[in-house]
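Asks: Have a look at this one before I ask anything.
No lab work stands behind these numbers, since they all come straight from the coordinates. It should be emphasised that the depicted structure is a prediction, and the values quoted were computed from it without experimental measurement. Note: ideal-geometry Cβ built from the backbone for every residue, glycine included; neighbour counts use all protein chains shown.
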Amino acid sequence: MWPLSPLQEGLLFHADFDDRGPDIYTVQFLLAVDGPLDAPRLRATWEGLLARHAALRASFHRRKSGEAVQLITRNVVLPWREVDLSELAEPDISDQADKLAAQERAERLDVTVPPLLRLLLIRLGDGRHRLVVTSHHLLMDGWSMPVLLNELSAVYAAGGDASGLPYAVSYGEYLTWLGRQDKEAARAAWRAELRGIDEPTLAAPADPDGEPSPPEDSSGRLSEETTRALVELARSRGLTVNTVVQGAWALVLARLAGRTDVVFGATVAGRPADLPGVESMVGLFINTVPVRVRLDGARSVVEMLTELQERQSGLMAHQHLGLSEIQRLAGPAAAFDTLVVYENYPRPPEAPPAPDTPTFSASAGHQATNYPLTLGFVMTDRLEFRVTYRPDLFDQQEAAAMGQR
C-alpha cells in the first residue's frame, strides 16, 4: 500500500467528483506497429511490463477517514482485445480504427479495479497494426511512455521475457522521497512567491450553467528553421525554450486578462536528480504549480525572461508541494484557469529492428485536463503545439489564434 503523490490526489478528487460519463483524465496513446507481428508474443511482452512495474498495477481507494491510498496488486490480468479490419476497404479501415479508439476512450476505467490500463490491437493489413493503449493518468506521466516503449522493443525481441532488463526502481521509492521533503520550507517559498497578488488571472469568460463541453483542440508546429532559430536565441541568452514559451504565454495572457501581474499553471517533470534510477521509473511524477510573471513596460522582454527563469530555478526544490496546498497558502487571488505543458523528455533511441520483428512508434494520442484552456508544447526537430479548449468557453478561431501568437 502506497500514499498518493500530490497530483494523484488531485486526479482522484476529479474522478470521485465526476463519476459519470467519460473521464477527462483517461489518456490514450496510439502505437503504429509496422512489420511482421506475433500478437501472442506482443501480449506476453505487455504482461511482462505489467509485472515489472508495480505502478501499473495500482488501484485507488479511500479509507473511512477519507485518506486516499493506492493498493498494488501482485497479479493482475492484462485487459487485451484484438480486432481485424484488414478485410475492409482502405478508407473504411482508418475510419473504423478511429471509432474503435474513441470507444475505448469513452469507456471509463474503474480506479478501484486494477489495472487502470487496457490494450486494443487492431490489424490494418499485412504487416500493419495499431496498438491502442488506454490508461488513467493516475498511473503514469508522459515521460513514462518512452521508457515503456524502449522496454517494449527489448522484451519483444527477447520473446516476451522481461527478465533480461536491468532492475526497475519502483515508483514507491519516489513516494518515500516525497515523504522526506521539507514541506515547511516549501510552504514558505510559495508564500513568498505569490505574496501580493490581488486577484485571480482568468482568461475564460464566466462559466455557463450546465455540463461542461468535452474539450476540443487546435494544433500546429513551427518550421525546422524557425525552431532552430528559437533554440539558438534562447541559448544565446542563457535561457531554456521552456522559459521562452512561458514568457510568451504570459504576454498573451496579460492581454486576455487585462493584467500586468499574471499567474498560470505549469506542469513540472518532478523527477528529482538525487533519486537514483528516477529517469527510468514508470509512474506519475509530474506536478502542476503556479507560475507568476510580473510585466513591466520599462523592462525588455529578455530581462523579463531572465527573471522568470531565475525565480523558477529558485523554486525547483519546492515543486513537490501540491497545488491545492499552494493555493490555500496564497489565497483565492492566486487562482488561474490556463495551463502550459512543455514536454521535452527522453525518447527511445532509434535503432534498426532485429530481423523478423516490428517497429513500434508512438503517433498522435489523446489527453486533456480540467482547465478551460491548456497549451501543450512538444520539442522535437520542430516545436509542436496544441491548444486544448472548452468550446462552450472559447471558439475554434480564438483557440487557433492563441496558439499562433
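Asks: Out of all DSSP beta bridges with both ends in the chain, state the antiparallel percent to the nearest 5. Display every interim value, and only then the final one.
Replies: On the way: 50 of 64 bridges.
Counting DSSP beta bridges with both partners in the chain, the antiparallel share is about 80 percent.
Asks: Run the paramagnetic zone check for residue 1: 7 angstrom along Cα to Cβ, then residues of the stretch 47-86 with backbone nitrogen under 14 Å.
Replies: Counting only backbone N, you get 59-73.
Asks: Next question. Counting pairwise Cα distances across the stretch 63-145, what percent come out greater than 16 angstrom?
Replies: 62
Asks: Once the dipole of the chain is set up with Lys and Arg at +1 and Asp and Glu at -1 on Cβ about the Cα centre, which of 22, 388, 282 lies farthest towards its positive end?
Replies: Of the candidates, 282 comes out farthest on the positive side.
Asks: State the answer as a single residue: which of 102, 40, 140 lies farthest towards the positive end of the charge dipole of the stretch 6-171, with beta carbon charges of +1 for Lys and Arg and -1 for Asp and Glu, about the Cα centre.
Replies: 140
Asks: Amide H of residue 342 versus every other amide H placed in the peptide plane: which residues, excluding those fewer than 5 positions away on the same chain, fall under 5 Å?
Replies: 267, 377
Asks: Still on this structure, I have one more. Length gain on complete extension for the stretch residue 183 to residue 307, per 0.36 nm per residue less the alpha carbon to alpha carbon distance?
Replies: Full extension of this stretch gives 42.2 nm more.
Asks: Across the Cα atoms of the stretch 213-371, what radius of gyration and what greatest pairwise Cα-Cα distance (Dmax) are found, in Å?
Replies: 18.4, 63
Asks: Tell me, what is the FRET efficiency for residue 67 and residue 126 to the nearest 0.05, using R0 = 56 angstrom and their Cβ-Cβ distance as r?
Replies: Numbers: r = 53 Å, r/R0 = 0.94.
The calculated FRET efficiency here is 0.60.
Asks: Have a look at 402, 374, 61 and report the one farthest towards the positive end of the charge dipole of the chain, computed about the Cα centre with Cβ charges (Lys/Arg +1, Asp/Glu -1).
Replies: 61
Asks: Which distance in nm do the two modelled labels at residue 333 and residue 106 give, with both placed 7 Å along the Cα-to-Cβ direction?
Replies: About 4.6 nm separates the two model spin labels.
Asks: Dipole magnitude of the stretch 150-289 about its Cα centre, charges +1 at Lys/Arg Cβ and -1 at Asp/Glu Cβ only, in debye to the nearest 20?
Replies: 560
Asks: Per-residue HN-Hα couplings for the stretch 148-161, Karplus 6.51 cos²θ - 1.76 cosθ + 1.60 at θ = phi - 60°, whole Hz, x for Gly and Pro?
Replies: Calculated HN-Hα couplings, in order: 5, 5, 4, 5, 4, 4, 5, 5, 4, 4, 8, x, x, 9 Hz.
Asks: Answer rounded, prolate or oblate for the stretch 6-171, using the Cα gyration tensor with square roots of eigenvalues a ≥ b ≥ c: rounded when a/c is under 1.5, else prolate when a/b is larger than b/c, else oblate.
Replies: Oblate shape, in that a/c is at least 1.5 and b/c is the bigger or equal ratio.
Asks: Please work out how much length the chain gains when fully extended from residue 317 to residue 191, using 0.36 nm per residue of separation minus the C-alpha to C-alpha distance, in nm with one decimal.
Replies: Net length gain for the segment: 43.9 nm.
Asks: Starting from the Cα gyration tensor of the stretch 120-164, take the square roots of the eigenvalues, sort them a ≥ b ≥ c, and report rounded, prolate or oblate (rounded when a/c is under 1.5, otherwise prolate if a/b is larger than b/c, else oblate).
Replies: Note, shape of the stretch 120-164 comes out oblate.
Asks: So what are the ³J(HN,Hα) numbers for the stretch 297-312, from phi and the Karplus equation (6.51, -1.76, 1.60; θ = phi - 60°), rounded to whole Hz, Gly and Pro as x?
Replies: x, 7, 9, 6, 4, 4, 5, 4, 5, 4, 5, 4, 5, 5, 6, 5
Asks: Assuming a ≥ b ≥ c are the square roots of the Cα gyration tensor eigenvalues, decide whether the stretch 5-53 counts as rounded (a/c under 1.5), prolate (otherwise, with a/b larger than b/c) or oblate. Working shown, then result.
Replies: On the way: a/c = 3.32, a/b = 2.14, b/c = 1.55.
Taking the square roots of the gyration eigenvalues as a ≥ b ≥ c, the stretch 5-53 is prolate.
Asks: Let me ask another. Rounded to the nearest 500, what is the chain's calculated 222 nm mean residue ellipticity when only DSSP H runs of at least 4 contribute -39500 (n - 2.57) each, over all residues?
Replies: After summing the helix terms and dividing by the residues of the chain, the value is -11000 deg cm²/dmol.
Asks: Using the C-alpha atoms of the stretch 75-123, what convex hull volume per residue, in cubic angstrom, is computed?
Replies: 56
Asks: Taking H placed 1.01 Å from N in the peptide plane, check which residues at least 5 places from residue 128 or on another chain put their amide H under 5 Å from its amide H.
Replies: Residues meeting the criterion, in which the H sits 1.01 Å from N, are 35.
Asks: Compute, for the chain, the length of the dipole vector about the Cα centre, with Cβ point charges of +1 (Lys, Arg) and -1 (Asp, Glu) only. Units Debye, rounded to 20. All intermediate terms of the calculation are to be shown ahead of the outcome.
Replies: Numbers: 39 positive and 54 negative charges, 229 e Å.
Taking the Cα centre of the chain as origin, the dipole is about 1100 debye.
Asks: How big is the antiparallel share of DSSP beta bridges in the stretch 31-165, given as a percent to the nearest 5?
Replies: 75
Asks: Rounded to whole Å and ordered largest first, report the semi-axes of the equivalent ellipsoid of the chain derived from its Cα gyration tensor (root of 5λ).
Replies: Those come to 36, 25, 22 Å.
Asks: Work out how far the C-alpha atoms of the stretch 170-225 reach from end to end along every principal axis, then list the three figures in whole Å, largest first.
Replies: 40, 38, 36
Asks: Amide H of residue 27 versus every other amide H placed in the peptide plane: which residues, excluding those fewer than 5 positions away on the same chain, fall under 5 Å?
Replies: 135, 136, 137
Asks: Could you give the length gained by full extension between residue 9 and residue 398, i.e. 0.36 nm per residue of separation minus their alpha carbon distance, to one decimal place?
Replies: Additional length available on full extension: 136.8 nm.
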